[in-house]
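Note sheet for the following structure.
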Amino acid sequence: MPHLADVMRSEPIEVAPEDTLGEVAERMSEANVGAVIVMDYGRLIGILTERDMLKAMAARVHTSEARVRQWMTGDPITASGETDVEDAARIMLENGFRHLPVVDDGGRAVGIASLRRVVGATRAAADRV
């Protein structure tokens with residue numbers, strides 16, 4: 001069974017809690033990603049996803065004024081690169097989210113895994129059996 005290190009997006013986009021939603025939306029769009037990790041002084045403090053952005057838009061915030069810290073999910077669940085994709089899929093499905101930050105042994109963010117990539121790898125592994 002593949003591991004998260006095999007399917008994650010390496011070098012995730014890192015944003016700061018004081019960045020505006022507009023700035024982050026531009027970066028997400030340019031990179032074609034659905035989630036970014038929020039770092040504060042080198043420490044992972046949250047994740048901001050397209051769902052979070054949608055909630056902000058529904059609240060009619062001004063993207064040039066609203067800050068990441070107001071809309072991010074703080075203290076996200078994380079996994080290691082050695083987590084197998086089946087376990088990662090279970091974690092995401094049980095908790096109702098589609099992006100999972102991947103951290104190394106020191107807790108440093110090294111990637112982000114999407115449910116799409118995780119399920120794809122799980123299916124590909126099952127097809128090989």
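Structure summary
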quantity	calculated
Hits in segment 7-18 (condition: surrounded by fewer than 19 Cβ atoms within 10 Å (Cβ to Cβ) and either in contact with a Phe, Trp or Tyr (Cβ under 8 Å, 6 or more places away or on another chain) or at pLDDT 95 or above (or both))	Ile13, Glu14, Ala16, Pro17, Glu18
Pair list, Cβ under 6 Å, 6 or more apart: segment 51-66 residue within 17 Å of Val15 (Cβ to Cβ) and in contact (Cβ under 8 Å) with a residue 12 or more places away in the chain, other residue among the hydrophobic types (A, V, I, L, M, F, W, C) and in a loop (DSSP other than H, G, I, E, B)	Ala56/Ala66
Number of positions in segment 74-86 that are surrounded by fewer than 17 Cβ atoms within 10 Å (Cβ to Cβ) and either closer than 18 Å to Gly34 by Cβ or without any contact (Cβ under 8 Å) to a residue 24 or more places away in the chain (or both)	1
Per-region count, segment 87-100, residues within 16 Å of Met1 (Cβ to Cβ), out of contact with any strand residue (DSSP E or B) (no Cβ under 7 Å at 6 or more places or on another chain) and crowded, with 17+ Cβ neighbours inside 10 Å	1
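The values are calculated or read from the model by the stated rules, or taken from the named source; none is laboratory data. These numbers were taken from a predicted model, which means no experiment stands behind them. Backbone-built Cβ (ideal geometry, glycine too); neighbour counts: all protein chains shown.
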